[in-house]
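The values are calculated or read from the model by the stated rules, or taken from the named source; none is laboratory data. Predicted model, so just to flag it, every value in this text is computed and none were measured. Backbone-built Cβ (ideal geometry, glycine too); neighbour counts: all protein chains shown. Heads up: the accessible areas ignore ligands, DNA and RNA and are worked out on the full protein's heavy atoms, side chains in. Shrake-Rupley method; radii C 1.70, N 1.55, O 1.52, S 1.80 Å.
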Amino acid sequence: MTSKDNQKVFFGDEKVEKKAKTKGVNKIFSQVADNYDLMNDLMSFGLHRIWKKQFVKNTNIKDKSKILDLASGTGDIAKLIYEHSPSSNIWLVDQNKEMILKAKQRAADEGFINKSKFEISEAESLPFDDNFFDHVFISFGFRNFSDKDMSLKEIYRILKKGGSLRILEFSKVNNVTFSKLYDFYSYKIIPTIGELVSDDKKSYEYLVKSIRTHENQKELKSMLKKNKFSKVTFEDLTNGIVCIHSGIK
């Protein structure tokens, strides 16, 4: 084991070993899987649907592309990708078995199962050949990766030359007054909603803490550049609550 393997990373607001973060994140998402979509609607007042539509809609996807929805969750991004490009093939990958089961059910119920494949895998070690995908999408999953640099190296490896990486993730609010209101809502209201709806306050406390310890817009841009991505850009949405990051191999 190298010294890099022993480096500690943020799990919420605590520093833990990478394997401990992987295990902890997996446990949390197993606990929240049943109410995941409902909680996203409640916590964001439905805004997450607008963010995700913009995230996918503004991507130039050619017919019959190979697309990876990484940290796919319950498959809502894959559904948007299918609607945007029905001839493309989509691989849904998540490290959590319960989430993949939810995604499979959605794909079957909503008519895109025939264009979808499913894998349980960590982002740091993806089961795909080099130069395989035209696009990789990550929606609200990047901050949960145990080794973000290793994940980016893997994504770079499996992307075709000219292929794109798109990351939709929570970021740093860029308005001081709004930031104070957002902090109050995040720390006081979101865990309470989690407790009322899911009887699980602790998982949603983790959610809030994981957002605050995640890289801001400029830091993530630098991380993408460091890992060889070119034409790296970011676009703030809703005062920087979330941000769309893009890069090209």
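Observations on the model:
- Summed over qualifying helices (DSSP H, 4 residues or more, each -39500 (n - 2.57)) and divided by its residue number, the chain shows a 222 nm mean residue ellipticity of -13000 deg cm²/dmol.
- Ser230/Lys97 FRET efficiency (R0 41 Å; Cβ-Cβ; nearest 0.05): 0.70
- Note on the range 86-230: along the principal axes its Cα atoms extend 44, 39, 26 Å, ordered by decreasing extent.
- Around the Cα centre of the chain, unit charges on the Cβ atoms of Lys, Arg, Asp and Glu (plus for the first two, minus for the last two) sum to a dipole of about 840 debye.
- For the range 61-195, relative contact order (Cα pairs under 8 Å, six or more residues apart, normalised by length) works out to 23 percent.
- Ranking by accessible area, most exposed first, for Arg157, Arg49 with a 1.4 Å probe: Arg49, Arg157
- Global form of the chain, assessed from the alpha-carbon gyration tensor, a/c cut-off 1.5: rounded
- Over 24 Å (Cα to Cα) - which of Lys53/Lys231; Lys104/Lys148; Lys57/Lys231; Lys23/Lys218 fall in this group: Lys104/Lys148; Lys23/Lys218
- Alpha-carbon centroids, the range 135-198 and the range 15-33: separation in whole Å: 15 Å
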